[in-house]
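K.L.:
Please find one structure pasted underneath; my questions will follow.
The values are calculated or read from the model by the stated rules, or taken from the named source; none is laboratory data. Just so we're clear, the structure is a prediction, and the values are computed from it rather than from any experiment. A quick note on method: Cβ atoms are made from the backbone with ideal geometry, for glycine too, and the neighbour counts reach across all protein chains shown. These area figures cover heavy atoms from the full protein model, side chains too; ligands, DNA and RNA do not enter into them. Shrake-Rupley method; radii C 1.70, N 1.55, O 1.52, S 1.80 Å.
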Amino acid sequence: MLFELYLVKKILKYFLLSPIYIYITFSTLSLITSVLYFYFFENKYSLYNLDFVSENSFLEVIKMYLIALNSFLLGTIIFYDLSTKKSKLLFNKSFTDSLFHKFSVPTNLLLMIRVLFALIIVLYFTAYGTDILIRNDYLPNTNRALIVIIKIFSFILILLLGILHQKNKMVSNFYLFLLILISLGTGSRTVFLFVITYFIILFISNGNTLKNKLVFSINLIISFLFLVYLMQLRGLPSHGIIPYLKNLSNLNQSFLGDFYFNIYYSLIFGTYVTIKTVQEAQFDWNIIFISINPLPGSMAGWYKYANDMRLNQFAPYSLHGRIFKMGIPFIITYFFMTGILFSYIEKKIRFYLVNGKKGLAFIIALLLTLHIIYGFEYNLRSAFRYIYYGLFIVLLEYLFGLIKPYLYKKIEH
């Protein structure tokens, strides 16, 4: 693995939006912190009573994680080796300076924001009803397709608000506050992703300066503390915007302990979910095919199995656990192909940056980051769809490039 990491470092220049480096960093941090936690942290958090496992079970899964990372790195190296000289030059170049950009602010941007925000509000109340304000259960019965649409629209709104911030900071922050407030009612970690995405856009638009980097570092700390707060919400007796806001006045004195817990939840907990998934999951190739099927869940047959693929109502089987259950040959194959896919999308991201399509590069990098994060704690289907979203955007950009000359010709005539 160290040799492969050395080769990747030689062939692939690091920059902030590199999905491959984000994958390597997150995987390595998860492995290191999981080992340290298992051997040196005596007072285990044991969320859902998952932490107390045998050393053999723990080391077996750690071995599988290492095989997975090795296979991913190998896929990256092979993709580079088989690439054209032009593609290799893209991989050899750092694009950090290309990330910073002053966005042009359309004259109708505020109107677009207002319309999109109103649509999101309507969709939230359509999906949740008054449960968004207060409810008994953390996870209400909602239309999952509608929730996905809300998330997509919310991310688009965050991008627009980040652009608006250059011209009108007060209005931008106001709409951000309202979006966070309504989204808070879900209790989902996606709200944290809204916040971090907004800060990243501000970072990109304010230039490669020391002041901007310091402000961004402070914003990252604020975002992480906000995530700590979000993680406390699941244990409340009631849920929704009202109970969650009331909980602000009841934050206990062990905030530092909660901060450590959030590190555990973000980097370590997924390892124990994977161990339990390997122990409980069925050896079923049909589930694998359904999980990577790009069709909607109802058409792919997902909901026939979905309820049986959970450790409890809060913790689904993890992507890694599902793959690990299928044996070493499949682990190598799956993560080798993931390395190939990531390398292809990384090449497209770098190509978009060369051609000034920074917004497109950012969105695709964000989608792959979501795949990485979700893959450590959520099921294969939930995580893999973000790769499909990224590939779909690449396809749309390609098709638009084909018809663009014809559109211009019609406009000229």
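Residue by residue, here is whether (1) open to solvent by 40 Å² or more (accessible area, probe 1.4 Å); (2) in contact with a helix residue (DSSP H, G or I) (Cβ under 9 Å, 6 or more places away or on another chain) holds:
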residue: ARG322; (1), (2): no, yes
residue: GLY359; (1), (2): no, yes
residue: TYR374; (1), (2): no, yes
residue: LEU380; (1), (2): no, yes
residue: TYR389; (1), (2): yes, yes
residue: LEU395; (1), (2): yes, no
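K.L.:
Which of the residues belonging to region 342-364 are in contact with a Phe, Trp or Tyr (Cβ under 8 Å, 6 or more places away or on another chain) and not in a helix (DSSP H, G or I)?
P.N.:
Residues satisfying the conditions do not exist here.
K.L.:
Can I ask one more? TYR244: within 25 Å of PHE103 (Cβ to Cβ), more than 22 Å from the chain's Cα centre (by Cα) and not polar (S, T, N, Q), yes or no?
P.N.:
In short, no.
K.L.:
Which of the residues that make up region 175-191 are modelled with pLDDT of 85 or more and either part of a helix (DSSP H, G or I) or not hydroxyl-bearing (Ser, Thr, Tyr) (or both)?
P.N.:
Across region 175-191, the qualifying residues are TYR175, LEU176, PHE177, LEU178, LEU179, ILE180, LEU181, ILE182, SER183, LEU184, GLY185, VAL191.
K.L.:
Any residue in region 181-192 that's farther than 15 Å from VAL148 by Cα and small (Gly, Ala, Ser): show its pairings with residues that are part of a loop (DSSP other than H, G, I, E, B) and open to solvent by less than 10 Å² (accessible area, probe 1.4 Å) at Cβ separation under 6 Å, as long as the two are six or more apart or on different chains.
P.N.:
GLY185/GLY240
K.L.:
Could you check region 47-88 and list, in sequence order, the residues that are among the small types (Gly, Ala, Ser) and touching a residue at least 40 places away in the same chain (Cβ under 8 Å)?
P.N.:
SER57, ALA68, SER71, GLY75, SER83, SER87
K.L.:
Could you list all residues from region 26-47 that are assigned to a helix (DSSP H, G or I), among the hydroxyl-bearing types (Ser, Thr, Tyr), more than 23 Å from the chain's Cα centre (by Cα) and surrounded by 15 or more Cβ atoms within 10 Å (Cβ to Cβ)?
P.N.:
Once the filter is applied, which keeps residues that are assigned to a helix (DSSP H, G or I), among the hydroxyl-bearing types (Ser, Thr, Tyr), more than 23 Å from the chain's Cα centre (by Cα) and surrounded by 15 or more Cβ atoms within 10 Å (Cβ to Cβ), region 26-47 yields only TYR37.
K.L.:
Residue check: is SER172 over 21 Å from the mean Cα position of the chain (by Cα), open to solvent by less than 20 Å² (accessible area, probe 1.4 Å) and modelled with pLDDT under 90?
P.N.:
No: the conditions fail for SER172.
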